[in-house]
Amino acid sequence: MAEITAQNKAESGVTLTFTSASSAATGDKWSNSGNELLLIKSSAGESVTITVTAQTTNASNEQYGTLTKSNATDSIANGEVIMMGPFPTQAYNDSDGYAHVTTSSYSGISIAVIQL
């Protein structure tokens, strides 16, 4: 599992650096403050599913009872760029403050994390 470092945006723009996705089995992670967006681009030649894993899947609410949080998923086709997030820390962070992303296929998939 590789750690992806968030890149800061700027008024004058920023040239993004994309990181090749790690294996579908291990995925990637980033330090998540809840103010990051994922940009994912594909040259995979096929549709690929992107999954950001919810670490806390159930929460109790006095008004609504038990609520279920699902993983955040999206599909990306060859040649596309998609944006996902931001991801609330209470739902998506592991005990070390990282959010995790996996892809159904990693060949041809690149990821950038942008700090808002």
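The values are calculated or read from the model by the stated rules, or taken from the named source; none is laboratory data. From a predicted model like this one, the values you see are computed outputs, not experimental measurements. Quick reminder, even Gly has a Cβ in these numbers, built from the backbone with ideal geometry, and neighbours come from all protein chains shown. In case anyone asks, the SASA skips ligands and DNA or RNA and just uses the protein heavy atoms, side chains included. Shrake-Rupley method; radii C 1.70, N 1.55, O 1.52, S 1.80 Å.
Filter region 58-88 down to residues that are out of contact with any helix residue (DSSP H, G or I) (no Cβ under 8 Å at 6 or more places or on another chain), assigned to a loop (DSSP other than H, G, I, E, B) and surrounded by 12 or more Cβ atoms within 10 Å (Cβ to Cβ), then give me how many there are.
Counting residues in region 58-88 that are out of contact with any helix residue (DSSP H, G or I) (no Cβ under 8 Å at 6 or more places or on another chain), assigned to a loop (DSSP other than H, G, I, E, B) and surrounded by 12 or more Cβ atoms within 10 Å (Cβ to Cβ) gives 8.
Just to check your reading of the model, which residue among Ala72, Ala54, Ala44, Ala24 is within 23 Å of Ser105 (Cα to Cα), within 10 Å of the chain's Cα centre (by Cα) and of a type in the set (Gly, Ala, Ser)?
Ala72
Please verify whether Ala91 is more than 25 Å from Gly45 (Cα to Cα), in a strand (DSSP E or B) and touching a residue at least 12 places away in the same chain (Cβ under 8 Å), treating the condition exactly as stated.
So Ala91 does not fit the description; no.
Among the residues of region 38-56, is there at least one that is part of a strand (DSSP E or B), closer than 14 Å to Tyr98 by Cβ and touching a residue at least 24 places away in the same chain (Cβ under 8 Å)?
Looking for residues that are part of a strand (DSSP E or B), closer than 14 Å to Tyr98 by Cβ and touching a residue at least 24 places away in the same chain (Cβ under 8 Å), one finds at least one in region 38-56, hence yes.
Of the conditions (1) open to solvent by 30 Å² or more (accessible area, probe 1.4 Å); (2) at pLDDT 95 or above; (3) within 17 Å of the chain's Cα centre (by Cα); (4) not charged (D, E, K, R), Gly97 satisfies every one except a single condition; which number is it?
For Gly97, the failing item is (1).
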